[in-house]
1. Would you mind computing, in nm to one decimal, how far apart the modelled labels at residue 189 and residue 90 are, each placed 7 Å from Cα along Cα→Cβ?
2. Using the alpha-carbon centroid of each, what span in Å lies between region 51-125 and region 270-329?
3. Pulled fully out, how much extra length does the chain show between residue 179 and residue 348, if you take 0.36 nm times their separation in residues and subtract their Cα-Cα distance?
4. Measure nothing but the geometry: give the 0 to 90° angle between the long axis through the Cα atoms of 207-216 and the longest principal axis through the Cα atoms of the chain, rounded to 10°.
5. What does the highest-first list of 203-213, 29-39 look like by mean Cβ count within 10 Å?
6. Can you sort 3, 216 so the residue with the fewest Cβ neighbours within 10 Å comes first?
7. With labels modelled as points extended 7 Å from the Cα through the Cβ direction, what inter-label distance (nm, one decimal) is found for residue 172 paired with residue 243?
8. Ranked by Cβ crowding within 10 angstrom, fewest neighbours first, how are 249, 63 ordered?
């Protein structure tokens, strides 16, 4: 396979799959489209890898191969998809029962910037880099071979398209999503709304943490902040909570949560509040001290390094108010899905929030996503989800 050549300014001495723009000698007189597949060479001309190239982004190269003797072609993509499937078949028995899971987790499955979530018999592709615009047919074909009879859809994120400077609209038109899919997780059914749902439609990464919450909920009064479509709330209900109050600012998410409660026969057992959680937690009329278990799972707050400090301030405010609303002995589950925010800085922020509230936390568990969201040793940034379980003193 003859590819355009991009040369590095200095020899590559790391196995990290990203190479930044400042390390790349841009090819003179050669205009390459975002996502072009290129051959990467060290300054001495020796082979360094094959990669998706972006001429404008900070991350100029995303390596897809370091094997000079093997092309990155349709068969290579198919092999990596099959390997991803085998890994889930090995790891998933350790996890909670479900018909839905993350099939491809980007760099961890040696398919940089490619996410595929399986929702029952619907396979949702979410590309995070322009490179897959040119290779989407390979991905669709490979998934179809692995799961005959399943529906393969392409569901791009507009923010990714803007950042990458490309449009996946044609691929999405060729492989459209159904309105919804019905899935089951830990004995609870959910309707995944592909028209309004965030990301691929449903947050599969919290599956095992929802099971843990269910195990903590029996006989407790539960407050679920940033409840989205109600998965933590329904898990608490399934686990035997006395009652559950769930709060979210997204009106469509609350509507979806009510529908999920109805599907499970729990529509009269949960209270849904469409409101900003800051307003709810600051409202003196809200009886916040009646809860025994508080869950805080805010949306992604930092999309990149430039947003980390602002995100940490918001995490501080969120957690400070949530902890202040608890009483001694209350269980507190707090989360961050911002991969750009380092785990220890986030945990330190939660500790500072507790201290600012005049409280202490006895942390008994720190977790992340389930085994269907592996993290590659060369790509620690893949460990984006951080979850803390604690008792409030």
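1. 3.5
2. Cα centroid to Cα centroid, the span is 34 Å.
3. Values: separation 169, 0.36 × 169 = 60.84 nm, distance 4.11 nm.
Here the answer is 56.7 nm.
4. 20
5. Numbers: 203-213: 23.2, 29-39: 15.7.
Most protected by this proxy first, the peptides run 203-213, 29-39.
6. On the way: 3 15, 216 19.
In increasing order of surrounding Cβ atoms, one gets 3, 216.
7. Output for this residue pair reads 4.1 nm.
8. Numbers: 249 16, 63 22.
The fewest-first ordering by Cβ neighbours comes to 249, 63.
Rule-based calculations on the coordinates, nothing more; no lab input. Keep in mind it's a predicted model, so treat the numbers as computed, not measured. All Cβ positions, glycine included, derive from the backbone under ideal geometry; neighbour counts span all protein chains shown.
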